[in-house]
Every structure is written in C-alpha cells, then in structure tokens.
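Asks: So that we are looking at the same thing, I have put the structure below in structure tokens.
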Amino acid sequence: MTLLPGVTSYFTTIETRLRNSNYKFWRSLLVILTSSSIFIAINGCLKTFFSFYLYGVPVSYQLIMATFLVIYSVYGLNKITDTEEDQLNAPERSNLISSHQKLFTYSSFIAYILAVIIGILHGWQVILVLLFPLLAGVIYSIQVHPRIPRLKDIFAVKSLVVALSWTVGNTFLPLVNYNSNLLVMSLIFYFFFIKSFINTVLFDLMDVDGDKLTGAMTIPVVIGASCTIKLLLLLNTTLLFFIYLVMAFDLFSVLIIPLIFCVIYGYAYILYFSGTKNRLQMDILVDGEWILVVFISLLSMGI
C-alpha cells in the first residue's frame, strides 16, 4: 500500500530526527568520555594489560585498576590546568572541563589517592612506578631558577617526558612479583616508548596553533607538520626491526599478530591524521588502539 505524500514526508522527517538525535547522543557521550580522561585511562590500563601478556605473567587486576586511576588523575589535572590553551586546541573539551571544574579536580585527586593506596599494598616498587608520572610532570613544569629554562620550554622534552611516563608503568608494573631477562624487558620498553612517543607527537600536531601562541616548543611547532609526519613514519618503521628481533629470538610468538597489527595501525593513523584535523576522531582512533590490540590478543590466544 502506497502512503500519501504528506504521510511519507512526515515519517521521513521523524526518521531523520531520530537519526540525528542518536548521532548527537553518541557524539556527546564520546566527548564526555574523551574530555574527562576516562577513555584514555581505559585504554592506558589495557596497554598495561597487554604488557602482562607480553611478559607471560598472570594479570594483576589491582595494578590494572591502579593504572587506570593514575592516568585518569594525571590527565584530568593536566586538562584542568590547560583549559585556556584548550580553548584554541579543543574548545569542546575546555568548555566541559571549565563548567565542571570542581568535579574533575576532586575526582582526579581522589583517583590518585586510591592508586597510591593500591600501590602501598603491593610494595615500594609499585609506589615508585605510580608516582613517576606525577613527579615527572612536576619536574617538567617547574622553573628552578629564572635563568634556567623549564624542561617544558625545551624542544622535544614534552614528548620525551610524556612517552617515558607511559613507558615506565607499561614496562615495569607486570614485573612487580616476577623476573624477566634484559632482552625481553628492553624490547618491551622500546616498543611501548616508540608507540607512546608517536602518539604524543601526533596529538601535538593537532595542537600546533595553541602551542605556537603559548610558546610551547613541541616538535610540530619547531620542524613543521610535513617533517613531523616523516619523523613519525620513520619511528614507526623502526618497529619493523623490533618485529624482526621478536621473531628471530622466538619471543611473544602467540602475540606476533597483535604486534604486527600495532605497526600497520600506526602507519594508518599517522597517514590519516597527516591530512585530517579532527580532535574527537584522533582521541577515539589513536587512544582506542589498545581496545583492538587486546581484542586481537585474546583471539590469538584462544581466550
């Protein structure tokens, strides 16, 4: 039965409105998750989860939770302090943080306290690993003497500090109750450091306009977008040598597929965001990599 034109138009309008409302709902949810640091914290603890698999040791879910809390806290506090700069780089995030500043501030402090409590229960080694991002951030930001520049103002130091903060937790938390040989630990450290460094610099590429105004000496600000992309592609290519060593020494054999996926996926998002400036997409596709990696790992291991 054919509907009258007016009725057809009516139902088409309703369908369009429902589609638009669903889109707005999911987009708003993603903005909240990414702006509040919940999304990056989830993916950060999945990164550590994957590290447990690489070492082949039982997963400590308490340490995974501590990782989540630390990342949520550190990134949450950083976004609070950077709200003015984010008005240029990420206005949606800045507006959300500004309008709920007390909530994000209190929740960030509580999260770090809970993480430290978990660390105390597991020993001083865990405490050191969990405190490293906070200590690195403080050293990175403070100015010891007027004639001595802050680390924050030195070329490329931001990317190195952020990447190192990620890598310390990813590499050493799984070894709290277990031992590993130097080769395995070094390879895992290098893998996570390069992945973290690439992602940090790629996000700086998105923030280049705001960083120029504030005088931040990030890699994209100093060498330009084109050279930055070439640098990131080169760094990602070094992971092919990492894959070669892994296969040559017969390491992580069950996880070789997710490791190869990380390299291919790295090329894909570097090239994609070399020509696309969409903050929400970058948050989801780059930070969300570890959801895919863990999923592929579980399939590879038959879990």
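The numbers here are math on the coordinates, done by the rules we state, and not lab data. Not measured: the values here are computed from a predicted model. Virtual Cβ from ideal backbone geometry, glycine too; neighbours counted across all protein chains shown.
Asks: Sorted by packing (mean other beta-carbon atoms within 10 Å per residue), highest first, where do 244-257, 58-71, 179-192 land?
Replies: Going from most to least packed, we get 58-71, 179-192, 244-257.
Asks: Which net charge results when you count Lys and Arg as +1 and Asp and Glu as -1 among the other residues whose beta-carbon is under 13 Å from that of residue 261?
Replies: 0
Asks: Ranked highest first by average number of other Cβ atoms within 10 Å, how do 169-175, 30-36 line up?
Replies: 169-175, 30-36
Asks: Given the pairs 158/277; 24/230; 24/195; 47/158, which are separated by over 27 angstrom at their Cα positions?
Replies: Details: 158/277 21 Å; 24/230 36 Å; 24/195 32 Å; 47/158 21 Å.
24/230; 24/195, as the Cα separations exceed 27 Å there.
Asks: Please find the FRET efficiency linking residue 120 to residue 226, where r is the Cβ-Cβ separation and R0 is fixed at 51 Å, and quote it to the nearest 0.05.
Replies: It comes to 0.60.
Asks: Considering only the other residues whose Cβ falls under 14 Å of the Cβ of residue 169, what net charge follows from Lys and Arg at +1 and Asp and Glu at -1?
Replies: Computed value for this residue: +2.
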